[in-house]
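Q: The structure's right below; bear with me while I get my questions together.
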Amino acid sequence: MSGVHVSTTINGDAVEFVCQPGEVLLDVLRNRVGLTGAKEGCGTGDCGACSVTVDGRLVCACLVLGAEVEGRAVNTVEGMANGNQLHPLQQKFIEHAALQCGICTPGFLVAAKALLDRNSDPTEEQIRYALAGNLCRCTGYDKIVRAVQAAAKDLAVDATKPAAKKKATKKPSKKSA
Amino acid sequence: MRYEAPTTTKDAVALLSKTKGKGQVLAGGSDLLVRLKGGFVEPEVIVDIKRIPAMQAVSKTASGFKIGAAVSCAQLGENSALKKAWPGVVEAANLIGSDQIQSRCTVVGNLCNASPAADSVPAMVAAKAKAVVVGPKGKRTVPVEDVVAGPGKTTLKAGELIESITLPARKGKSGDAYLRFIPRTEMDIAVCSAGVSLTLGKGGVVAEARVALGAVAPTVVLVPAAAKAIIGTKLDDDALAAMAAACEAACNPIDDKRGTVEFRTEVAGVLAKRAAKIAYQRAGG
Ligand SMILES: Cc1cc2nc3c(=O)[nH]c(=O)nc-3n(C[C@H](O)[C@H](O)[C@H](O)COP(=O)(O)OP(=O)(O)OC[C@H]3O[C@@H](n4cnc5c(N)ncnc54)[C@H](O)[C@@H]3O)c2cc1C
Ligand code: FES
Ligand code: FES
């Protein structure tokens with residue numbers, strides 16, 4: 001088996017790696033790039049613990065080949081905080097105790113951010129549907145939903161402050177990931 | 001195993017037909033990569049079709065719509081013209097998996113995976129969708145219902161792939177709908193399902209109809225007798241009862257923990273009735 005050489009962008013940084021043709025992005029991120037935020041719960045697209053975005057679209061990193069991200073932009077949970085300043089979603093997950101063991105948390109954060117980037121004021125039902133691809137065996141989901149609602153409120157307040165730095169909401173590109 | 005990402009359909013076909021071992025098309029990978037991980041497939045070459053421009057777009061043509069084989073179901077949901085013309089096909093495609101799966105999965109992958117429970121297939125069959133197949137011997141166009149041979153099996157020949165799906169142009173008052181039964185609210189495999197497409201004539205009378213059922217036989221089934229039962233009617237109770245009976249007669253489901261034969265058969269008729277009513281309403285009846 002010969003390796004595939006891939007040049008891509010991860011959390012804004014240019015990254016190059018060599019992977020096996022059948023190696024999934026999740027393994028590349030964790031074992032080759034050293035980004036262990038995305039977790040493997042199932043490896044088959046059911047749990048969402050491995051959620052990342054590729055060209056702005058939410059995907060399961062366990063169901064994307066490393067070779068597929070050539071020239072794409074990958075974003076992971078490691079890219080959410082702004083230096084030492086946590087993303088409002090991360091802050092609210094802590095305040096609302098929206099995690100226990102924490103295995104599902106990176107996936108929920110990335111999926112929730114993908115939702116808020118697209119819809120800044122989601123209803124509870126929209127939040128629950130958008131997070132249906134993420135499983136949590138500890139919290140019972142309610143605290144996660146409350147944390148996402150609180151973060152959405154926070155982001156909305158930020159957006160109305162003239163001095164506040166507005167986060168550019170990136171529209172997903174037309175290319176499928 | 002090799003990974004290739006050709007940029008033309010021709011190159012993709014060449015890769016598939018010139019490989020000594022098995023070549024496997026990779027679209028969204030939501031079936032293929034699960035099977036690869038499980039060791040159920042060991043292709044010699046994986047041909048990723050997502051870098052082929054001709055397969056990346058949904059276009060409106062004189063004869064209807066053309067959906068490129070690499071277009072994700074999420075993109076179908078974002079296409080308002082397609083949604084307006086074929087709401088049932090789009091709602092079926094958008095039922096597949098979670099947001100994560102939607103970003104990747106395609107209706108062609110759903111079709112070629114050849115599961116009897118594939119959600120987009122009954123809707124496409126009801127819509128009279130066709131698959132544009134390209135292979136070493138050229139291009140051919142086949143009705144979607146002829147692509148699947150049985151569970152996990154297609155009628156595609158060695159080296160062939162599907163380049164796009166075509167949907168006919170909508171005329172006059174037309175509508176379609178798709179419904180499935182699952183024990184949960186999302187992220188589940190259809191226990192049974194129904195797709196209905198119809199066109200109304202004068203006075204709101206059904207002039208044309210197609211009814212297809214999923215997960216009640218080895219392949220998705222088109223049920224002409226069910227369509228016949230509602231053609232010439234305004235979907236009165238008798239017509240709907242006759243349609244449901246025709247659907248039940250077409251069922252040959254499996255019996256498993258997710259649904260008994262009796263349950264799947266009865267619910268298939270119920271879903272067809274409900275889908276017909278939604279399609280009728282969408283048609284402006
Ligand atoms: C968590 C999860 C939830 C799911 N939920 C649903 C659901 O609710 N409903 C449902 O119906 N399915 C569901 N699926 C199954 C799967 O997502 C769908 O069948 C999907 O549409 C497959 O599309 P894909 O593009 O990912 O296919 P791929 O995995 O890329 O391909 C599937 C098969 O088709 C072949 N193929 C793909 N494109 C072509 C082509 N152009 N020409 C020839 N052959 C081709 C591939 O070689 C492969 O054998 C789910 C899967 C997962 C992992
Ligand atoms: S590890 Fe990817 S979805 Fe579970
Ligand atoms: S916090 Fe343990 S799985 Fe969610």
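Q: Which condition number does residue B:63 fail, the rest of (1) away from chain A (no Cβ under 14 Å); (2) without any contact (Cβ under 8 Å) to a residue 60 or more places away in the chain being met?
A: Unmet for residue B:63, out of (1) away from chain A (no Cβ under 14 Å); (2) without any contact (Cβ under 8 Å) to a residue 60 or more places away in the chain: (2).
Q: Mind listing whichever residues of region B:256-285 are among the charged types (D, E, K, R) and open to solvent by 40 Å² or more (accessible area, probe 1.4 Å)?
A: Within region B:256-285, B:256, B:257, B:258, B:262, B:266, B:273, B:274, B:277, B:282 qualify.
Q: If you go through region A:118-149 one residue at a time, how many are more than 16 Å from ligand 3 (Cβ to nearest atom) and open to solvent by 20 Å² or more (accessible area, probe 1.4 Å)?
A: 10
Q: I've got another one for you. Would you confirm whether any residue within region A:65-78 is open to solvent by 20 Å² or more (accessible area, probe 1.4 Å), touching a helix residue (DSSP H, G or I) at 6+ places or on another chain (Cβ under 6 Å) and within 11 Å of chain B (Cβ to nearest Cβ)?
A: no
Q: Then there's this: Any residue at all in region A:35-54 that is over 24 Å from residue A:101 (Cα atoms) and crowded, with 18+ Cβ neighbours inside 10 Å?
A: Checked region A:35-54: at least one residue is over 24 Å from residue A:101 (Cα atoms) and crowded, with 18+ Cβ neighbours inside 10 Å.
Q: Any residue in region B:96-115 that is assigned by TED's automatic domain parsing to the domain that holds residue B:48 sitting within a Cβ distance under 7 Å of a residue that is of a type in the set (Ser, Thr, Tyr) and outside any loop (DSSP other than H, G, I, E, B)? List the pairs, counting only those 6 or more apart or interchain.
A: If the second residue must be of a type in the set (Ser, Thr, Tyr) and outside any loop (DSSP other than H, G, I, E, B), the pairs left are B:96/B:120; B:100/A:51; B:107/B:120; B:110/B:120; B:112/B:154; B:114/B:154.
Q: Follow-up. Open to solvent by 10 Å² or more (accessible area, probe 1.4 Å), more than 29 Å from residue A:8 (Cβ to Cβ) and within 16 Å of ligand 2 (Cβ to nearest atom): does that describe residue A:57?
A: no
Quick grid of which residues meet (1) more than 19 Å from residue B:105 (Cα to Cα); (2) in a helix (DSSP H, G or I):
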| site | (1), (2) |
| --- | --- |
| A:74 | no, no |
| A:91 | yes, yes |
| A:112 | yes, yes |
| A:115 | no, yes |
| A:121 | yes, no |
| A:127 | yes, yes |
| A:144 | yes, yes |
| A:158 | yes, yes |
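Q: I'm told residue B:192 meets every condition in (1) under 15 Å from residue B:111 (Cα atoms); (2) in contact with a Pro (Cβ under 8 Å, 6 or more places away or on another chain) except one. Can you identify the failing condition by its number?
A: Unmet condition: (1).
Q: Still on this structure: Looking only at region B:135-155, which residues are more than 13 Å from residue B:221 (Cβ to Cβ) and either surrounded by 20 or more Cβ atoms within 10 Å (Cβ to Cβ) or within 9 Å of the chain's Cα centre (by Cα) (or both)?
A: Within region B:135-155, just B:147 meets the criteria.
Q: Okay, moving on. Search region B:177-206 for residues that are without any contact (Cβ under 8 Å) to a residue 12 or more places away in the chain and pair each with any residue that is hydroxyl-bearing (Ser, Thr, Tyr) and open to solvent by 50 Å² or more (accessible area, probe 1.4 Å) when their beta-carbon atoms are under 9 Å apart and the residues are at least 6 apart or on different chains.
A: Hits for this filter: B:185/A:129.
Q: Considering only region B:19-37, I want to know if a residue exists there that is open to solvent by less than 20 Å² (accessible area, probe 1.4 Å), closer than 24 Å to residue B:167 by Cα and among the aliphatic types (A, V, I, L, M).
A: Yes, region B:19-37 has at least one match.
Q: Condition test on residue A:114, is it more than 16 Å from ligand 1 (Cβ to nearest atom), out of contact with any Lys or Arg (no Cβ under 6 Å at 6 or more places or on another chain) and over 27 Å from residue B:188 (Cα atoms)?
A: On the way: more than 16 Å from ligand 1 (Cβ to nearest atom): yes; out of contact with any Lys or Arg (no Cβ under 6 Å at 6 or more places or on another chain): yes; over 27 Å from residue B:188 (Cα atoms): no.
Here the answer is no, as residue A:114 does not meet what is asked.
For every residue, the table says whether it meets (1) within 16 Å of ligand 2 (Cβ to nearest atom); (2) outside the structural domain of residue B:52 (by TED's automatic domain parsing); (3) open to solvent by less than 20 Å² (accessible area, probe 1.4 Å); (4) more than 20 Å from residue B:66 (Cβ to Cβ).
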site	(1), (2), (3), (4)
B:128	no, no, no, no
B:133	no, no, yes, no
B:177	no, yes, yes, yes
B:188	yes, yes, no, yes
B:199	no, yes, yes, yes
B:214	no, yes, yes, yes
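Q: Here is a further query. Of all the residues that make up region B:35-51, how many are facing another protein chain (nearest Cβ under 7 Å), under 18 Å from residue A:69 (Cα atoms) and hydrophobic (A, V, I, L, M, F, W, C)?
A: Here the count works out to 1.
Q: Do we find a residue being more than 14 Å from chain A (Cβ to nearest Cβ) and among the basic types (Lys, Arg) anywhere in region B:198-210?
A: Step one: of region B:198-210, the residues more than 14 Å from chain A (Cβ to nearest Cβ) are B:198-210.
From what is left, the residues that are among the basic types (Lys, Arg) are B:202, B:210.
Yes.
Q: Let me ask you something else. Residues to consider are B:267, B:216, B:221, B:261; find the one that is in contact with a Leu (Cβ under 9 Å, 6 or more places away or on another chain) and among the aliphatic types (A, V, I, L, M).
A: B:221
Q: If we keep just the residues of region A:88-117 that are more than 19 Å from residue A:29 (Cβ to Cβ) and touching a residue at least 60 places away in the same chain (Cβ under 8 Å), which is farthest from ligand 3 (Cβ to nearest atom)?
A: Taking the candidates together, the pick is A:117.
The values are calculated or read from the model by the stated rules, or taken from the named source; none is laboratory data. This structure is a prediction, so every number in the text was calculated from the model and none was measured. Virtual Cβ from ideal backbone geometry, glycine too; neighbours counted across all protein chains shown. Only protein heavy atoms, including side chains, enter the accessible area calculation; ligands, DNA and RNA are left aside. Shrake-Rupley method; radii C 1.70, N 1.55, O 1.52, S 1.80 Å.
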